[in-house]
Amino acid sequence: MSPNIHFLIFAAIGFACVSAFRDQLKETIKDCQGGKEVTEEEMDEFIKPLIPKNEEERCIMACVMRKYNIINNGHYDPKLAFGILKETLKDHPEKLARLKEVMDHCGDDVPQHMDNECDLAGEIMQCEVKYQKAMGA
């Protein structure tokens, strides 16, 4: 991952503080980059609320989202995605509530299906960041 890659998956909003997930996310990003190592600095950049800037970033994001079943065969289902995150964040109810609010909002704004999963990941992240900023996050 180049130093200029700045983006997050909305799962990272709550998971950044969960060490075991951070390690798992790091391995997932590494896999999505074809085995290239991910530094702690790059992880810190990955979890910042920024929109993917180019095709490479959108496609890495789409890969990560596929690994967590947030995107499945070009489909985005925020309820399914939230269900996946719910168990991991059960000890962080305040983060879970905030994440649900963001996902519910973006579930209405993001297309439920796009043939290009990289573009779909970009749409998801654009909505997430826009909504977080509107909420003062």
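Return Glu55, Glu87 ranked ascending by Cβ neighbour count within 10 Å, so the fewest neighbours appear first.
On the way: Glu55 12, Glu87 7.
In order of increasing Cβ crowding within 10 Å: Glu87, Glu55.
Mind ranking 126-132, 34-40 by how tightly packed they are, going by the mean number of other C-beta atoms within 10 angstrom, highest first? Can you show the working numbers first?
Numbers: 126-132: 19.4, 34-40: 10.6.
Highest-to-lowest ranking by the protection proxy: 126-132, 34-40.
Listed by Cβ neighbour count within 10 Å, with the fewest neighbours leading, Glu41, Glu123 appear as Glu41, Glu123. Taking square-rooted eigenvalues a ≥ b ≥ c of the alpha carbon gyration tensor, is region 21-137 rounded, prolate or oblate, where a/c under 1.5 means rounded and, failing that, a/b exceeding b/c means prolate? Because its axes are fairly even, with a/c under 1.5, region 21-137 counts as rounded.
Around the amide H of Ile71, modelled in the peptide plane, lie the amide H atoms of Arg66, all under 5 Å away and 5 or more residues distant in sequence or on another chain. Here Asp77, Asp44 are placed in order of increasing Cβ neighbour count within 10 Å, fewest first, which gives Asp44, Asp77.
Pairs over the 24 Å Cα-Cα cut-off, from the set Lys67/Lys90; Lys30/Lys90; Lys67/Lys100; Lys36/Lys95; Lys30/Lys95; Lys86/Lys130: Lys30/Lys90; Lys36/Lys95; Lys30/Lys95.
Bear in mind these aren't lab numbers, they're just calculated from the coordinates by the rules spelled out. In this text, all values refer to a predicted model and were calculated from it rather than measured experimentally. In this analysis, Cβ positions are derived from the backbone assuming ideal geometry, glycine residues included, and neighbour counts consider all displayed protein chains.
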